[in-house]
1. Return the residue satisfying two criteria in turn: it lies in the range B:163-188 and is within 18 Å of B:N58 (Cβ to Cβ) and within 14 Å of another protein chain (Cβ to nearest Cβ), and of such residues it is nearest to the chain's Cα centre (by Cα).
2. Given the conditions (1) of a type in the set (G, A, S); (2) in contact (Cβ under 8 Å) with a residue 24 or more places away in the chain; (3) more than 10 Å from chain A (Cβ to nearest Cβ), and given that B:A247 satisfies all but one, which numbered condition is not satisfied?
3. Which pairs turn up if I take residues in the range B:4-29 that are away from every other protein chain (no Cβ under 14 Å) and look for partners that are among the aliphatic types (A, V, I, L, M) and open to solvent by 60 Å² or more (accessible area, probe 1.4 Å) with beta carbon separation below 7 Å, at least 6 apart in sequence or on another chain?
4. B:Y60: in a loop (DSSP other than H, G, I, E, B), in contact with an Asp or Glu (Cβ under 9 Å, 6 or more places away or on another chain) and either open to solvent by 20 Å² or more (accessible area, probe 1.4 Å) or free of Cβ contacts under 8 Å to residues at least 60 places away in the same chain (or both), yes or no?
5. Give the range B:255-271 a look and list any residue that's surrounded by fewer than 22 Cβ atoms within 10 Å (Cβ to Cβ) and among the aromatic types (F, W, Y), or say none.
6. Scanning for something aliphatic (A, V, I, L, M) and out of contact with any Phe, Trp or Tyr (no Cβ under 8 Å at 6 or more places or on another chain), does the range B:233-252 turn up at least one residue?
7. Find the residue count for the range A:96-111, including only residues that are more than 14 Å from chain B (Cβ to nearest Cβ) and at pLDDT 90 or above.
8. With the condition being touching a Cys at 6+ places or on another chain (Cβ under 9 Å), I'd like the helices (runs of 4 or more DSSP H) fully within the range B:145-225 carrying at least 2 qualifying residues.
Amino acid sequence: MRNPYEVLGIEEGASQEEIKNAYRELCKKYHPDRYEDNPLKDLAEEKMREINEAYDCLMNNRNQNNGYASEEELLNQARIDIQNGNINEAVNKLDNIRARNAEWYYLMGIINTRKGWYDAAYQNLNRASSMEPGNAEYKNAFNSLNKRNNHYREPYKKGRDANLCDLCTTLYCLDCFCECLGGDLVPCC
Amino acid sequence: MFGYVTPCKMELKIKDYEKVKAYYCGLCRAIKYNYGNFPRLAINYDMTFLAIFLDSFNEYEPKYIKSNCILHPIKKRILIIENTSLDYAAFLNTVLSYYKLIDNINDDNSFKSKALSLPMKKYLRKVPSKLKGTETLIKKKLDELYTLEGNNSLDNLDALSHSFGELIGELILSFWKDRGDKNRIYNLGYNLGKWIYIIDAFDDLEKDMKDNKFNAINSVLNKANIPYNEFVGSVKGRIEFILTSYARECAEDLSHLTIRKNEEILFNIFNYGLLEKIDSVFSKKEDK
């Protein structure tokens, strides 16, 4: 396809109003009705098709661009909501976003962590940091979620392991001591 | 689905161990006095924990007696009597085990559950009128849970276990009229409820998959119907992470609550007991 701006005879980056005006002018000029009994009729029809295509393309693109920009805006607003503690507001905004990028998953992960939805939070943050492995913010959030449990588990693990070690060490020392004196406490070693 | 919230026995002092036993026997007796002999069969440790927890917020020393019972006719046991926490736990024990039976019947039309639920139903009539509202709450929350269980589009276990968490949170709170620290208490109950729901699902995973019954973990995480042996390996880490997180949250909430007695038992349950149970459920899977 030719450059749609060229087809409509306008400069790139023209405003929506300019595009519409140019389109209307060209429509008048090439309208098939004006070429009813003209040998140029086929040519005019083709030109008209080209104009329609170019117009549609520019209009759609613009909508998409606009939509995308406002989603980015929503993401920023959601981030501010989270910082201010308005979790419900933030969730509403995130729900309305269709393009789910790493940041979307990161923010969702933060919300789920706050809510205590740790399964969802883990999946979200994991996804965010694998979508953008270089992003320190996402990575830190994911790591700190993982670390929290380690702190909690430590006393349970340590207490028990230490007891077991103590027991083994004591037995070993007693065995050595007895062997020094010519006896044997643990006959197998 | 009950019986997972227990203290880590090896870390418990003898006096606390005896206390837990006295609450357990006391609960059994409270069920007998408030409802009858038959519902005593359904007694479990989760409700014992609940009685201990609820009782820990008042400073009154429980009333102990020495007595024997059907199960222990010769040797007398120490038990607690005339205790409102035990009465409330007895109520929950009876009602929840009845609805559990109803759930089993709806699930797979189990004959055993049908046979047990009929006599059990008779005892529900004895629920005192001031607790009727709580019974309705249980029904409502369980219905919500079953609706969630029927929803195939959930992709995380938090969303599914949410209703059961809410149920336990609200059940604990409704023991009191109003409390200043209700958010903490609710949150503790909420996380504990989710913990019970998930550990029960994981414990039953193999059996449920074999019998083709509903299982929360299978339903949410196994959309591709992978066979048990492969599936369990792939979700183990995830389940362990979730369970530890919920348990940690409970311990965190407990540390902020003002407890008037039984501190060491509660500390033990949330900092060692839950972890020990997770380990024992996981190692059971590894042995096979």
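The values are calculated or read from the model by the stated rules, or taken from the named source; none is laboratory data. Since the model is a prediction, treat every value here as computed from it, not as a measurement. Cβ atoms come from the backbone with ideal geometry, glycine included; neighbour counts cover every protein chain shown. Note: areas computed on protein heavy atoms with side chains; ligands, DNA, RNA excluded. Shrake-Rupley method; radii C 1.70, N 1.55, O 1.52, S 1.80 Å.
1. The selected residue is B:L188.
2. Result: B:A247 fails condition (3) only.
3. From the range B:4-29, the pairs are B:E18/B:I78; B:A22/B:I78.
4. On the way: in a loop (DSSP other than H, G, I, E, B): yes; in contact with an Asp or Glu (Cβ under 9 Å, 6 or more places away or on another chain): no; either open to solvent by 20 Å² or more (accessible area, probe 1.4 Å) or free of Cβ contacts under 8 Å to residues at least 60 places away in the same chain (or both): yes.
Taking the combined requirement at face value, the residue does not satisfy it.
5. Of everything in the range B:255-271, just one residue is surrounded by fewer than 22 Cβ atoms within 10 Å (Cβ to Cβ) and among the aromatic types (F, W, Y), namely B:F267.
6. Initially, the range B:233-252 is screened for residues aliphatic (A, V, I, L, M), giving B:235, B:239, B:242-243, B:247, B:251.
From the residues that got through so far, the ones that are out of contact with any Phe, Trp or Tyr (no Cβ under 8 Å at 6 or more places or on another chain) too are B:235.
Yes, that holds for at least one residue.
7. Applying the first criterion (more than 14 Å from chain B (Cβ to nearest Cβ)) to the range A:96-111 yields A:96-99, A:101-104, A:106-107, A:110.
This time we only want the ones that are at pLDDT 90 or above, so: A:101-104, A:106-107, A:110.
Of the residues in the range A:96-111, 7 are more than 14 Å from chain B (Cβ to nearest Cβ) and at pLDDT 90 or above.
8. Details: elements: B:157-173, B:182-203, B:205-211, B:216-221.
Result: B:182-203.
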